[in-house]
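Here is the structure we will look at.
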Amino acid sequence: MADLRLPEYGNDGSGEGSPESDNPQTGGMVRIAETFASIQGEGKLSGVPSFFVRISGCNLRCSWCDTPHASWSPEGPVRSVEEVFGEVVASGLRHVVLTGGEPMLFAGAGELCRRLRALGRHVTFETAGTVYLDAPCDLLSVSPKLSNSTPWGDARDQAGSWAARHESRRLDVSVLGRLLELNPEHQLKFVVRAPEDLEEIESLLGRLPRVRPADVLLMPEGVRLPEPESVAWVVRACIERGWRYCHRLHIELFGHVRGT
């Protein structure tokens with residue numbers, strides 16, 4: 001029988017192993033952090049009732065990650081794609097969101113996408129865009145990681161090994177460009193912390209196939225609703241560039257809690 005235990009890689013920030021070893025799946029198996037029905041809180045489909053499948057395991061460790069149970073400390077049972085597919089179908093919801101973690105690491109995520117789309121479900125696939133997987137979807141939601149995501153000095157990474165790994169992996173322009181070209185329905189969702197992030201975003205956009213301004217979203221960092229004055233610069237940047245401001249509707253509706 002295949003060993004489906006979660007590997008040591010990433011559990012303690014040691015940096016041992018490889019990105020692929022974050023993936024405990026074998027064949028049609030995948031580790032699931034949580035599944036739930038809620039309202040899509042971010043992006044173009046904000047407000048749409050959706051069923052979420054959060055896959056556990058990631059090749060990055062963002063300093064501000066709001067789902068550490070799928071990245072810094074991956075958790076959840078290993079389940080068959082068949083079982084997860086059945087749960088999604090039973091929800092009765094047409095819109096499905098595959099998120100993580102980093103679903104692109106998991107072959108089972110691609111299989112789940114294909115089966116759901118064959119059944120007429122609308123699939124949003126959320127990724128950092130550093131890994132390529134054949135995972136057909138209706139909306140590719142990419143959150144490229146800026147330098148503000150690197151966990152320099154993070155207490156969870158006292159040896160600094162994860163910070164170095166994250167910094168070396170957080171962007172792969174060739175992979176990101178390929179994903180965008182193969183998925184014309186996409187959005188680029190940037191988590192921003194300070195006005196200096198804007199130059200970094202513009203530099204990245206200049207290295208990619210043309211991205212429509214309306215497909216670029218800026219989302220202020222945080223797990224609480226920001227004060228208006230603290231995000232005025234984000235609003236101004238969106239107005240000046242034709243980008244979109246990305247709210248966190250789920251935070252407004254439910255607060256920062258799991259399963260929403």
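What follows draws every value from the coordinates through simple rules; no lab data is involved. Here the structure is a predicted model, which means the values were calculated and not measured. With ideal geometry, Cβ positions are generated from the backbone for all residues, glycine too; neighbour counts draw on all protein chains shown.
Summary table
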item	result
Mean residue ellipticity (222 nm) of the chain, computed from DSSP H runs ≥ 4 via -39,500 (n - 2.57), nearest 500	-7500 deg cm²/dmol
Ordering of 163-170, 29-36, 201-208 by packing [mean C-beta count within 10 Å, highest first]	29-36, 163-170, 201-208
Charge sum, other residues only, whose C-beta stays under 11 Å from ASN148's C-beta, Lys/Arg counted +1 and Asp/Glu -1	-1
Gaussian network model of the chain, springs between alpha carbon atoms under 10 Å - residue of GLY160, GLY57, GLY100 with greatest fluctuation	GLY160
Karplus 3J(HN,Hα) series, Hz, for region 78-84 with 6.51 cos²θ - 1.76 cosθ + 1.60 (x for Gly, Pro)	7, 10, 7, 4, 4, 5, 5
Cysteines without a disulfide-compatible partner [the chain; Cβ-Cβ under 4.7 Å]	CYS58, CYS113, CYS137, CYS238, CYS246
Student exercise, the chain dipole from Lys, Arg, Asp, Glu Cβ charges, in Debye to nearest 20	620 debye
Most fluctuating residue given options CYS58, CYS113, CYS238, as computed from a GNM of the chain linking Cα atoms under 10 Å	CYS238
Estimated vicinal HN-Hα couplings, Hz - region 126-143 in sequence order (Karplus 6.51, -1.76, 1.60; Gly, Pro = x)	9, 8, 8, x, 9, 10, 9, 9, 6, 9, x, 8, 8, 9, 8, 9, 9, 10
In sequence order, calculated HN-Hα J values of region 146-158 (Karplus, 6.51, -1.76, 1.60; Hz; x Gly/Pro)	7, 5, 5, 8, 5, x, 4, x, 5, 4, 7, 9, 4
Cα-based shape type of region 205-260, given that a ≥ b ≥ c are square roots of the gyration tensor eigenvalues and the cut on a/c is 1.5	oblate
Rounded to 5, the percent of DSSP beta bridges in the chain classed as antiparallel	30 percent
